[in-house]
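The values are calculated or read from the model by the stated rules, or taken from the named source; none is laboratory data. Here the structure is a predicted model, which means the values were calculated and not measured. Every residue, glycine as well, gets a Cβ built from its backbone with ideal geometry; the counts of neighbours run over all protein chains shown. Just the protein is used for accessible areas: all its heavy atoms, side chains included, with ligands, DNA and RNA removed. Shrake-Rupley method; radii C 1.70, N 1.55, O 1.52, S 1.80 Å.
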Amino acid sequence: MRLSAFAPAKVNLFLHVGGPDAEGYHPISSLMVFADVGDRVNIQPSDAPAFETCGPFGREIPDGGDNLVVRAAQAFHRRLGGPVPPYRLILEKHLPIAAGLGGGSSDAGAALKLLRDALAPGLSDDELEPLAASLGADGAACLHARALIAEGRGEQLSPAPSLPEMNAVLVNPGAPSPTGAVYRAYDADVHPDGATMPPLPDLLESAEEAAAWLAVATRNDLEAPAVRLEPRIGEVLDVLRAEPESLLVRMSGSGATCFALCASDIEAEGLAERLETMRPDWWVRRCRLS
């Protein structure tokens, strides 16, 4: 029982948000894609149950019951019922914390699939989905970890339009952007169109075409309130928008990570290398989105 699963970063290409409902939840519509950078979750046999964190950001996350990996394991145990053999879960944390990349939800989804493969291989992803959804708004989407449209409170999933391969650069200024605070700031000035879904094209054939459609028809409603709360996000956006390789620049989720779509891997590589030299204090990663 030594297995490993990749937990990819989630990127919101757009995120439309409505005002809070009677229960305080915000309806959304979003096009989510997933990157080839992320965290990794490992499971190993053990004499006693254990959970550990490591990696560049491992010390910045809780290793107790507040961690989504631990909560995912607890939900999985309840789903199985009965005793399970002891095991050790190890989370290698490579994504920044409170970064708008769905890291915790993606970690939880990877953990659920690992536990399924190790302890109950008959369970399907569809049977795991309610467990993932119970852990947060991005939970179900991050379990499937493929391009999709999310609506409602994030639990209504449907296929994404046909997308080209997209190369991008992810940039985080080293500033957390707590989701709750950003949503509260957004409530002071809700976008008039709210969570309305834009007309979706059937096919986007190139990164240039995708970027042009996103720029005209979509937005991230949480970007402005996040920038007001954390000006360093605005600095990242300004720097990326000034670079020639950037086809589209936007914040992901509730921040603080921003992304620039590029025409090819060569452009993305050049942009990432230049940013790493210009701002060595920023977290910068070249990636592919799918």
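Computed on protein heavy atoms with a 1.4 Å probe, the accessible areas place 191, 144 in the order 191, 144, largest first.
The mean of 1/r over all distinct Cα pairs in the stretch 19-126, once inverted, gives the Kirkwood hydrodynamic radius of 15.3 Å.
Across the stretch 106-114, coupling constants 3J(HN,Hα) worked out from phi with the 6.51/-1.76/1.60 Karplus curve, θ = phi - 60°, read 5, 4, 5, x, 5, 5, 4, 5, 4 Hz, and Gly and Pro carry x. In the full protein context, the chain carries 43 Å² of accessible surface per residue, based on a 1.4 Å probe and ignoring ligands, DNA and RNA.
Coordinate range of the alpha-carbon atoms in the stretch 187-237 per principal axis, descending: 36, 26, 10 Å.
Summarising the amide proton neighbourhood of residue 166: residues at separation of 5 or more, or on other chains, whose placed amide H is nearer than 5 Å comprise 289. Applying a DSSP loop filter and a limit of 14 other Cβ atoms within 10 Å to the trypsin sites (Lys or Arg not before Pro) in the stretch 1-67 leaves 2. Give, as a single signed number, the net charge of other residues whose beta carbon lies under 13 Å from the beta carbon of residue 36, with Lys and Arg counted +1 and Asp and Glu -1. Overall, the nearby charge balance is +3. Amide H contacts of residue 38 (H built 1.01 Å from N, in plane; Pro and chain starts excluded): 9 sit under 5 Å, all sequence-distant by 5 or more or on other chains. Rounded to the nearest whole Hz, the Karplus-based 3J(HN,Hα) values (6.51 cos²θ - 1.76 cosθ + 1.60, θ = phi - 60°) of the stretch 253-268 follow the sequence x, 9, x, 9, 6, 10, 9, 10, 7, 10, 6, 7, 5, 5, 4, 5, with x at glycine and proline. Projected over every direction and averaged, the convex hull enclosing the alpha-carbon atoms of the stretch 200-290 yields 6.1 nm². When the Cα atoms of the stretch 45-92 are aligned to their principal axes, the ranges along those axes come out at 35, 21, 13 Å in descending order.
Among 113, 93, the sequence by solvent-accessible area, most first, with a 1.4 Å probe is 113, 93.
Put simply, the amide H of residue 102, placed in the peptide plane, has neighbours under 5 Å in 10, leaving out anything fewer than 5 places away on its chain. With helices as the sole contributors, the chain gives -10000 deg cm²/dmol at 222 nm; each DSSP H run of n ≥ 4 counts as -39500 (n - 2.57), and the sum is divided by every residue. The Stokes-Einstein estimate for the stretch 1-70, based on a Kirkwood radius over Cα pairs and taken at 20 °C with 1.002 mPa s viscosity, is a diffusion coefficient of 139 µm²/s. The phi torsions of the stretch 142-157, fed into the Karplus equation with coefficients 6.51, -1.76 and 1.60 and a -60° offset, translate into couplings of 6, 5, 6, 6, 9, 4, 7, 9, 10, 9, x, 8, x, 8, 8, 10 Hz, rounded to whole numbers, with Gly and Pro shown as x.
Put simply, the Cα atoms of the chain extend 55, 45, 36 Å along their principal axes, the longest span coming first.
Tell me, what % of the accessible area of the stretch 80-128 is carbon and sulfur with a 1.4 angstrom probe?
53
Using bins of 10 Å that start at zero, the share of Cα-Cα pairs per bin across the stretch 125-247 amounts to 10, 31, 43, 15, 1, in whole %.
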